[in-house]
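Peer 1: Handing you a structure now.
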Amino acid sequence: MLEVIILIVILAILFDVSNGWNDSANAIATVVSTRVLSPTKAVLLAGGMNILGAFFTTAVAKTIGKDVVDPKAVTEVVVAAALFSGFAWNTAMTKFGLPVSASHALIGGLIGASVSYGGVGILNASGLVKIFSSLLLSPVLGIILGFFIMKMILKFFGTLPSGTVNKHFGRLQLLSSAFMAFSHGSNDAQKVMGIITLSLVSGGILNSVEVPFWVILICAVAMGLGTAFGGWKVIKTIGVNMLKLEPVHGFAAETSATAIILGASQFGLPVSTTHVIATAIMGVGATKRLSAIRWGIAGKIVLAWVFTLPACSLLAWLICKIAIALK
């Protein structure tokens, strides 16, 4: 049992590193592409703020730990299969420069592995409705809020020279990017905290889904470390290829995304930080004109989003079947 728990912790750390590696673009793509910060300073700032954000609340971790599947209805093999499938998907997509949802990858992997082990009946239907509602609604809010905040900025500052506007918003973007990284840690790092806690409950080590401090600590450090690696291809895709950004645009997008993500974290709702920041950028870009967004790039991003959950579910289902057969 101890060896399996150690394996799960190692896989969880690898998943969080891969998550931070892909999602580093969420926190620093705009601040790097607008040249407000150098890449090195940006990843150091994002890494540190991700770690702080992971200590903000454990509400999301508890949701993942008990609302996808009954913790006592699965085994450590299920958890390991879910983590490995998510890690493999995150790593592959980062290599291709495509931002993906680690939330969809992890939840999809957990669903696939759980069904492989115990059938559809062990899934928590009401919990999954809550989770998928937040995952689907948050990108819509990203577009709306990004558009609204950018419109407000244009209303009050649109008559000023663009150089003056970007100079002042460049300073403000230091704050917005820091809070974006903090919000990322507050939501994404917790998902793996929930998975580790799920394995501890299913293994009989814990009696309830209460996240131990050591789990919070290792997930926070792993997420920060992954972010510090910087997924430069993904950063280029979001911050350069999809839309030409200026500091004022980066501030509007990051502020919108941060508000949505921190609100979701406070209520224990897992959201895709990737989806939220990308759609917030789209909303900001729409205030210029719809043609300002490079829809070919946006389409590739959306396709990666669409395939993440089913691909990770299938991979985890297969891994779990093989593991059970080899026992």
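The values are calculated or read from the model by the stated rules, or taken from the named source; none is laboratory data. Nothing here was measured: the structure is a model prediction, and the numbers come from that model. Cβ atoms come from the backbone with ideal geometry, glycine included; neighbour counts cover every protein chain shown.
Peer 1: Out of (1) touching a residue at least 60 places away in the same chain (Cβ under 8 Å); (2) surrounded by fewer than 13 Cβ atoms within 10 Å (Cβ to Cβ); (3) within 26 Å of Ser272 (Cα to Cα), what's the single condition that is false for Val129?
Peer 2: The failed condition is (1).
Peer 1: Which ones in the range 269-282 are of a type outside the set (Val, Ile, Thr) and more than 15 Å from Ala54 (Cβ to Cβ)?
Peer 2: Across the range 269-282, the qualifying residues are Leu269, Ser272, His275, Ala278, Ala280, Met282.
Peer 1: May I pose another question? Hey, can you tell me all the residues within the range 124-140 that are farther than 17 Å from Val60 by Cβ and at pLDDT 90 or above?
Peer 2: Val140
Peer 1: Determine whether Val78 is modelled with pLDDT under 80, buried (at least 24 other Cβ atoms within 10 Å of the Cβ) and either of a type in the set (A, V, I, L, M, F, W, C) or not in a helix (DSSP H, G or I) (or both). Write out each step before concluding.
Peer 2: Details: modelled with pLDDT under 80: no; buried (at least 24 other Cβ atoms within 10 Å of the Cβ): yes; either of a type in the set (A, V, I, L, M, F, W, C) or not in a helix (DSSP H, G or I) (or both): yes.
In short, no.
Peer 1: Out of (1) surrounded by fewer than 23 Cβ atoms within 10 Å (Cβ to Cβ); (2) in a helix (DSSP H, G or I), what's the single condition that is false for Ala113?
Peer 2: For Ala113, the failing item is (1).
Peer 1: Can you pull out every residue in the range 49-94 that is within 17 Å of Cys219 (Cβ to Cβ) and polar (S, T, N, Q)?
Peer 2: Within the range 49-94, Asn50, Thr57, Thr58, Thr63, Asn90 meet the criteria.
Peer 1: Same structure again: Taking the stated definitions as given, is Ala92 part of a helix (DSSP H, G or I) and under 21 Å from Gly204 (Cβ atoms)?
Peer 2: The answer is no for Ala92.
Peer 1: Which of the numbered conditions does Val271 fail, given that it passes all the others? Conditions: (1) part of a helix (DSSP H, G or I); (2) modelled with pLDDT of 70 or more; (3) in contact with a helix residue (DSSP H, G or I) (Cβ under 8 Å, 6 or more places away or on another chain).
Peer 2: Result: Val271 fails condition (1) only.
Peer 1: Sticking with this structure for a sec: Any chance you could count how many residues in the range 1-25 are at pLDDT 85 or above and more than 30 Å from Lys41 (Cα to Cα)?
Peer 2: Final tally of qualifying residues: 3.
Peer 1: It is to be established whether one or more residues within the range 62-73 are among the small types (Gly, Ala, Ser) and surrounded by fewer than 24 Cβ atoms within 10 Å (Cβ to Cβ).
Peer 2: In the first step, residues of the range 62-73 are kept if they are among the small types (Gly, Ala, Ser); the result is 65, 73.
In the following step, the residues that additionally are surrounded by fewer than 24 Cβ atoms within 10 Å (Cβ to Cβ) were identified as 73.
Checking the range 62-73: at least one residue is among the small types (Gly, Ala, Ser) and surrounded by fewer than 24 Cβ atoms within 10 Å (Cβ to Cβ).
Peer 1: OK, next. Can you report the number of residues in the range 233-259 which are at pLDDT 70 or above and in a helix (DSSP H, G or I)?
Peer 2: At the first step, the residues of the range 233-259 found to be at pLDDT 70 or above are 245-259.
Subsequent filtering for residues that are in a helix (DSSP H, G or I) retains 247-259.
Selection size over the range 233-259: 13.
Peer 1: Now a separate question. Phe55 versus (1) modelled with pLDDT under 85; (2) under 24 Å from Lys130 (Cα atoms); (3) not hydroxyl-bearing (Ser, Thr, Tyr): which is the lone unmet condition?
Peer 2: Looking at each condition in turn, Phe55 falls short on (1).
Peer 1: Do we have Leu106 as surrounded by 21 or more Cβ atoms within 10 Å (Cβ to Cβ), among the aliphatic types (A, V, I, L, M), in contact with a strand residue (DSSP E or B) (Cβ under 8 Å, 6 or more places away or on another chain) and within 16 Å of Phe15 (Cβ to Cβ) here? Before you say what the answer is, go through the steps one by one.
Peer 2: Numbers: surrounded by 21 or more Cβ atoms within 10 Å (Cβ to Cβ): yes; among the aliphatic types (A, V, I, L, M): yes; in contact with a strand residue (DSSP E or B) (Cβ under 8 Å, 6 or more places away or on another chain): no; within 16 Å of Phe15 (Cβ to Cβ): yes.
No: the conditions fail for Leu106.
Peer 1: Report, by residue number, each residue of the range 41-55 that is under 18 Å from Val192 (Cα atoms) and either of a type in the set (A, V, I, L, M) or in contact with a strand residue (DSSP E or B) (Cβ under 8 Å, 6 or more places away or on another chain) (or both).
Peer 2: Result: Met49, Ile51, Leu52, Ala54.
Peer 1: Using beta carbons and a limit of 8 Å, which pairs, at least six apart or on different chains, have the first residue in the range 285-312 and in a loop (DSSP other than H, G, I, E, B) and the second one at pLDDT below 70?
Peer 2: From the range 285-312, the pairs are Ile293/Met242; Ile293/Leu243; Arg294/Asn241; Arg294/Met242; Arg294/Leu243.
Peer 1: Still on this structure, please answer the following. Just the residues that are surrounded by fewer than 22 Cβ atoms within 10 Å (Cβ to Cβ) and touching a residue at least 24 places away in the same chain (Cβ under 8 Å), please, taken from the range 81-98.
Peer 2: Residues of the range 81-98 that are surrounded by fewer than 22 Cβ atoms within 10 Å (Cβ to Cβ), as a first pass: 88, 91-92, 95-97.
Ala88, Thr91, Lys95, Phe96, Gly97 - these are the residues of the range 81-98 that are surrounded by fewer than 22 Cβ atoms within 10 Å (Cβ to Cβ) and touching a residue at least 24 places away in the same chain (Cβ under 8 Å).
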